[in-house]
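Novice: One structure, pasted below without further comment.
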Amino acid sequence: VHKMKVFITLLLASATMAMKDMEKEDGGICLDSDILGAICVAETPLAEKIPAAMEACVGQTVATMRQSTVGKGKGKGKGKGKGKGKGKGKGKGNNNGNACPSIDEIMAMVEEEFADDMCVLQEIGWIDAEGNDNNATISEDMATLPNEVQAGVTQEKIDQCVADAAAKWAEDPMAEQCADAYTDEEKQTMEEMFSHVVNYKCFTATFDAACKDFVRSAYIEPIVASLGNGNSNGNSNGNSNGKGKGKGKGKGKGKGKGKGKGKVNA
């Protein structure tokens, strides 16, 4: 179980590292993703669809990841007790002496990790019951977002994030260690699972970055600019009034005393 968790953690860490490389500086915005997302989808259909979907998904489990990526060959993996010597037989599928998690363990962990997210995406119509993207609905909903957010969420950015994540995962020692631990069918299943997970994580990261830029330019920068102008005007008026009073009193008193003393001595 521990090795399985390490395997999944490494996979997600690869996606996270790729997303950090892609993201810009947040410019001091401390709001979490949920609040930023709510601001960016305000007054759009998603503002109603997402809360309703989250409420509908409470207590539910949607195993779309397994349905969409396992399919054929499920339960046919070699090396699960069929090899000589208690599963340590020759050929692919020996799980490298149980050092690598089985395909079923990996899928179960991914499903548990993303069950809530998959449920919400299915409820809002972005994926179907098998976990496939519903591009028409996604495009329709994205078109209702502010133009700045739409411009920041591009397929090029998402693809680059996915490519970076795949490269980082390939460099990990565990990926090389487990390369020969699975059958060709299992490898294909894992590649599809990796694609689902990383594409989703990269999309959310791209959206968050675009949303931060929008909130900064539409709300934070105008507020900061107005506060700066107010302080500048206040300091200017204060300095001007202070100088006027000081000059008037000094000149009046000095001239009066000097002329009076001169007449008495004469």
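Novice: Looking only at region 126-151, filter to residues that are open to solvent by less than 40 Å² (accessible area, probe 1.4 Å) and assigned to a helix (DSSP H, G or I); which one of those is nearest to Ile50 (Cα to Cα)?
Specialist: Checking each candidate, the answer is Asp141.
Novice: Which residue is farthest from the chain's Cα centre (by Cα), if the candidates are limited to region 121-138 and must be at pLDDT 95 or above and of a type in the set (Gly, Ala, Ser)?
Specialist: Here the answer is Ala136.
Novice: Sticking with this one: Could you please tell me which pairs satisfy a Cβ distance under 7 Å, a separation of 6+ or placement on different chains, a first residue in region 187-202 that is among the polar types (S, T, N, Q), and a second residue that is modelled with pLDDT of 90 or more and assigned to a helix (DSSP H, G or I)?
Specialist: Asn199/Ile158
Each row is one residue, and each column tells you yes or no for (1) at pLDDT 90 or above; (2) polar (S, T, N, Q); (3) surrounded by fewer than 16 Cβ atoms within 10 Å (Cβ to Cβ); (4) part of a loop (DSSP other than H, G, I, E, B).
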site: Ala179; (1), (2), (3), (4): no, no, yes, yes
site: Ser195; (1), (2), (3), (4): no, yes, yes, no
site: Asn199; (1), (2), (3), (4): yes, yes, no, no
site: Phe214; (1), (2), (3), (4): yes, no, no, no
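Novice: Could you look through region 181-193, keep only residues that are crowded, with 21+ Cβ neighbours inside 10 Å and not polar (S, T, N, Q), and pick out the one that is farthest from Gln155 (Cα to Cα)?
Specialist: The residue in question is Ala181.
Novice: Something else about it: Those residues that are loosely packed, with under 13 Cβ neighbours inside 10 Å and β-branched (Val, Ile, Thr), I need them from region 152-170; list them, please.
Specialist: Within region 152-170, just Thr154 meets the criteria.
Novice: Kindly indicate which of Ala210, Ala218 is crowded, with 19+ Cβ neighbours inside 10 Å, under 30 Å from Asn147 (Cβ atoms) and modelled with pLDDT of 85 or more.
Specialist: Ala210
The values are calculated or read from the model by the stated rules, or taken from the named source; none is laboratory data. Worth saying up front: this structure is predicted, and the values here are computed from it rather than measured. Every residue, glycine among them, receives a Cβ derived from its backbone with ideal geometry; neighbour counts consider all protein chains shown. Ligands, DNA and RNA are stripped out before the accessible areas are found, and what is left, the full protein with its side chains, is counted by its heavy atoms. Shrake-Rupley method; radii C 1.70, N 1.55, O 1.52, S 1.80 Å.
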